[in-house]
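Step one of this worksheet: look at the structure below.
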């Protein structure tokens with residue numbers, strides 16, 4: 001969709017007002033979504049997202065313009081809008097772009113958007129019917145199969161011209177269990193940066209059964225008691241605690257503007273000794289992986305915290321200029337409508353020294369958070385919240401009755417220090433993370449951990 | 001390619017494929033904004049976008065396909081794709097393509113000029129200066145932004161129905177960071193409207209709100225009376241607005257199924273959905289299926305009058321349609337959602353409410369509702385912040401506590417409503433408003 005000659009011409013136009021850097025991000029994305037409700041295919045939608053975003057810098061001032069008109073004329077008009085903003089000088093730029101091909105470390109076996117529709121419907125039905133058949137109390141099941149095939153072309157005034165393809169597949173099943181006029185819900189929604197071969201790892205029947213098991217546990221649960229207590233947070237999506245409590249505060253989006261509680265803390269101890277945390281955009285076929293970020297830099301495995309000491313922030317180009325530190329391959333955006341910023345990819349707390357059974361056994365009275373919902377954080381204050389979607393009371397070192405409706409709240413810098421046990425069953429969970437550059441797929445992850453004390457919101 | 005050319009290509013492609021019933025939903029969006037950091041402009045951005053959705057009827061089922069790539073080849077592919085997608089649909093709900101209402105209300109949404117980048121930059125810088133000037137404690141990290149958006153929506157179908165609406169909106173945000181004695185807090189104020197007048201008020205409010213949060217203490221866990229601010233009641237109502245969808249009820253995802261005519265809220269609660277409310281930036285004369293819109297009473301004196309319906313859900317449930325079919329964006333399938341969704345004001349002054357909630361908490365912030373509120377069960381447990389209420393007056397700030405409850409119970413337990421409406425969720429075609437609400441016996445988890 002973008003060729004080198006036009007790209008060079010457009011970049012030169014974008015810089016003609018005196019910018020010191022310009023970049024083109026061009027995108028062609030095909031998405032497809034199948035949804036099933038009431039045991040029937042309810043909706044199938046196809047969409048084509050196509051357009052370009054052009055950005056120019058002068059120091060730390062940026063100008064961004066986007067358009068869906070990808071003709072040469074459309075691109076030049078879009079570049080002119082950028083040049084009109086950064087227009088305090090004149091520059092005559094002559095660029096010759098060099099194509100760089102980055103190795104594809106996320107090969108796709110079964111391209112999902114164009115795959116046989118009947119096969120996709122069968123996969124979705126297998127998941128949803130397994131959920132419906134799980135228990136007579138399952139009153140409703142909704143399922144979605146969401147497929148993405150995105151190609152991006154990125155060119156910049158540092159003579160880069162490159163492209164990448166991102167393929168993603170995700171199945172989400174949510175079940176409602178009903179009894180005596182009460183509804184409870186459960187869900188399971190694994191995704192991967194791969195094609196339909198994802199279902200060799202996740203059997204659709206297992207996804208459906210897990211959603212209904214979750215709903216049935218909640219149907220039998222009573223309300224969670226409120227108060228401050230030790231909490232054991234299970235692996236997988238439990239890693240949202242790190243994502244919210246710390247991850248966002250390590251993004252240049254907030255660090256670069258001085259609005260993060262983690263500013264100026266490199267080399268300092270910010271977490272318990274057992275905490276090593278990593279953001280790794282190179283995990284093969286993972287939900288948050290890409291070969292290159294949305295500024296054309298290869299993604300990396302960045303160790304953020306090592307044995308409790310802060311080692312690294314996640315930095316995009318603007319953040320790099322603001323902070324005087326190198327970029328880390330973390331620049332991301334939902335699509336070409338958004339100016340990119342620093343974002344997480346696959347972020348997790350690594351395995352630690354503790355045995356999982358010892359973690360549970362160590363708690364006299366507390367909460368075992370088996371499944372987490374989403375959450376949010378204010379990076380300035382570090383205050384965060386997240387929802388527990390499946391929880392159990394721990395009494396005398398044993399997991400006891402299920403409880404529902406709990407949330408966990410606290411402060412990032414405090415909670416990191418309070419992670420005092422880290423187990424050994426690292427697993428990831430998939431989410432969509434929202435920030436100023438839109439909604440992007442991210443993995444969160446961790447093994448079972450213990451937080452010595454946290455406020456549990458319940459009643 | 002303009003919309004009339006697009007329509008011709010689509011009509012031709014549909015005709016060639018034997019598709020006689022379809023509609024086209026076409027959205028154009030132009031926007032521009034400027035943002036500040038410290039004493040300079042940090043970012044200026046602009047967007048020109050077009051998106052369209054083709055929806056066709058085939059064997060009684062709807063198929064959808066949409067795109068932003070407006071070429072003849074892509075438009076023809078769109079028609080084929082939508083037709084193919086329709087063949088896989090199994091839902092037994094009748095797919096209804098609407099011929100048109102007898103008449104549509106005239107609305108005159110104010111036409112606004114698109115400001116230049118220079119004008120936006122000047123305005124944003126002026127706001128930034130105003131915000132810093134509000135207090136010596138305002139610090140870097142404070143950001144102001146202003147923007148302008150033009151949205152135009154066309155809906156046409158194979159019956160010859162042609163509908164058009166457009167909206168113009170200016171936005172202004174002041175996000176203030178304050179720092180005092182090593183403690184930092186932030187707060188923002190924003191406005192969507194038809195002018196950039198009096199942005200100073202936004203700066204004043206943002207700074208005073210941020211300052212008022214300094215020195216917040218934690219609250220002991222317990223059961224408290226609370227006054228939920230009109231803004232936060234709006235946010236909560238918006239989060240749970242899906243329970244008023246007829247489709248959610250039909251699928252057993254709302255506990256309001258079959259409750260029309262029953263008491264579901266306290267006597268003092270009246271809830272309306274009004275597409276012509278002055279609280280909306282733009283009024284909406286037709287819904288996403290082309291049905292003429294009207295004001296709908298949802299709860300009157302605590303009694304549920306109706307849920308919200310699109311055409312096929314109303315038909316399946318044998319109810320009167322309420323013209324609430326909507327699309328979140330050009331590419332989304334039709335869902336049911338309200339326009340201006342508002343709880344009407346009560347009779348009590350805010351001060352009287354505080355007196356009645358003595359010893360309790362005035363809740364001014366709810367955070368993470370996307371995670372802490374469950375629309376299927378109605379349960380919520382939400383991180384909150386606000387102020388203690390002592391001797392009928394607002395006292396010290398409090399934070400890091402949760403309020404927990406159930407939305408269905410909350411509606412019934414509303415004790416008093418203030419006489420002042422706040423549009424806590426402002427928007428162009430969708431907004432939510434509510435008065436301050438007194439709730440007794442709310443479970444709070446704190447220290």
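The values are calculated or read from the model by the stated rules, or taken from the named source; none is laboratory data. Just so we're clear, the structure is a prediction, and the values are computed from it rather than from any experiment. Positions of Cβ are backbone-derived with ideal geometry, glycine not excepted, and every protein chain shown enters the neighbour counts.
For this structure, a couple of remarks:
- Of the residues A:212, A:222, A:175, the single one that is closer than 27 Å to residue A:395 by Cα and touching a helix residue (DSSP H, G or I) at 6+ places or on another chain (Cβ under 7 Å) is A:212.
- Qualifying positions in the range A:357-377 - buried (at least 23 other Cβ atoms within 10 Å of the Cβ), under 24 Å from the mean Cα position of the chain (by Cα) and over 22 Å from residue A:213 (Cβ atoms): A:375, A:377
- Scanning the range B:363-397 for residues being in contact (Cβ under 8 Å) with a residue 24 or more places away in the chain, out of contact with any helix residue (DSSP H, G or I) (no Cβ under 6 Å at 6 or more places or on another chain), more than 9 Å from every other protein chain (Cβ to nearest Cβ) and surrounded by fewer than 24 Cβ atoms within 10 Å (Cβ to Cβ) gives a total of 9.
- The set of residues in the range B:401-417 that are in a helix (DSSP H, G or I) and over 24 Å from the mean Cα position of the chain (by Cα) contains only B:413.
- Strands (runs of 3 or more DSSP E) within the range A:13-69 that include 1 or more residues under 30 Å from residue A:138 (Cα atoms) and more than 7 Å from chain B (Cβ to nearest Cβ): A:21-37
- Just one of the listed residues (A:245, A:286, A:232) is in contact with a helix residue (DSSP H, G or I) (Cβ under 6 Å, 6 or more places away or on another chain) and either assigned to a loop (DSSP other than H, G, I, E, B) or at pLDDT below 95 (or both), and it is A:245.
- Restricted to the range B:266-359, the set of strands (runs of 3 or more DSSP E) holding at least 2 residues that are farther than 30 Å from residue B:195 by Cβ and not assigned by TED's automatic domain parsing to the domain that holds residue B:172 comprises B:296-300.
- The single condition among (1) touching a strand residue (DSSP E or B) at 6+ places or on another chain (Cβ under 8 Å); (2) within 8 Å of chain B (Cβ to nearest Cβ); (3) free of Cβ contacts under 8 Å to residues at least 12 places away in the same chain that residue A:77 does not satisfy is (2).
- Annotation: of all residues in the range A:434-452 being modelled with pLDDT of 95 or more, within 14 Å of chain B (Cβ to nearest Cβ) and in a strand (DSSP E or B), the one that is surrounded by the fewest Cβ atoms within 10 Å (Cβ to Cβ) is A:439.
- Output for the range B:28-65, where each listed residue is more than 9 Å from chain A (Cβ to nearest Cβ) and farther than 30 Å from residue B:122 by Cβ: B:52, B:54, B:55, B:56, B:57, B:58, B:59, B:60, B:61
- Residues in the range A:115-124 that are part of a loop (DSSP other than H, G, I, E, B) and free of Cβ contacts under 8 Å to residues at least 60 places away in the same chain: A:116 alone.
- Residues in the range A:194-229 that are surrounded by fewer than 22 Cβ atoms within 10 Å (Cβ to Cβ) and not in a helix (DSSP H, G or I): A:196, A:197, A:202, A:203, A:220, A:221, A:222, A:223, A:225, A:227, A:228, A:229.
- Against the test of being surrounded by 17 or more Cβ atoms within 10 Å (Cβ to Cβ), over 30 Å from residue B:120 (Cβ atoms) and touching a strand residue (DSSP E or B) at 6+ places or on another chain (Cβ under 8 Å), the options A:82, A:113, A:70, A:52 yield a single qualifying residue, A:113.
- Residue B:43 meets the conditions (1) surrounded by 20 or more Cβ atoms within 10 Å (Cβ to Cβ); (2) touching a residue at least 12 places away in the same chain (Cβ under 8 Å) in every case but one. The failed one is (2).
- Only residues that are more than 13 Å from the chain's Cα centre (by Cα) and over 14 Å from residue A:192 (Cα atoms) were counted across the range A:271-290, and they come to 8.
- Checking the stated criteria, residue B:418 turns out not to satisfy the condition of being crowded, with 21+ Cβ neighbours inside 10 Å, in contact (Cβ under 8 Å) with a residue 60 or more places away in the chain and facing chain A (nearest Cβ under 8 Å).
- Failed criterion for residue B:75 (all others in (1) touching a strand residue (DSSP E or B) at 6+ places or on another chain (Cβ under 7 Å); (2) within 12 Å of chain A (Cβ to nearest Cβ); (3) closer than 20 Å to residue B:155 by Cβ hold): (1)
- Screening the range A:179-193 for residues that are closer than 22 Å to residue A:108 by Cα and part of a strand (DSSP E or B) and picking the one that is farthest from the other protein chains (Cβ to nearest Cβ) gives A:192.
- Among the candidates B:82, B:32, residue that is modelled with pLDDT of 95 or more and over 18 Å from residue B:331 (Cβ atoms): B:32
- Odd one out for residue B:190 among (1) crowded, with 19+ Cβ neighbours inside 10 Å; (2) in a strand (DSSP E or B): (1)
- Every residue from the range A:384-400 that is surrounded by fewer than 23 Cβ atoms within 10 Å (Cβ to Cβ) and either within 8 Å of chain B (Cβ to nearest Cβ) or in a loop (DSSP other than H, G, I, E, B) (or both): A:396, A:397
- Only one of B:222, B:252 that is within 15 Å of residue B:363 (Cβ to Cβ) and surrounded by fewer than 22 Cβ atoms within 10 Å (Cβ to Cβ): B:222
- Residue within the range A:415-425 that is at pLDDT below 95 and within 11 Å of chain B (Cβ to nearest Cβ) present: no
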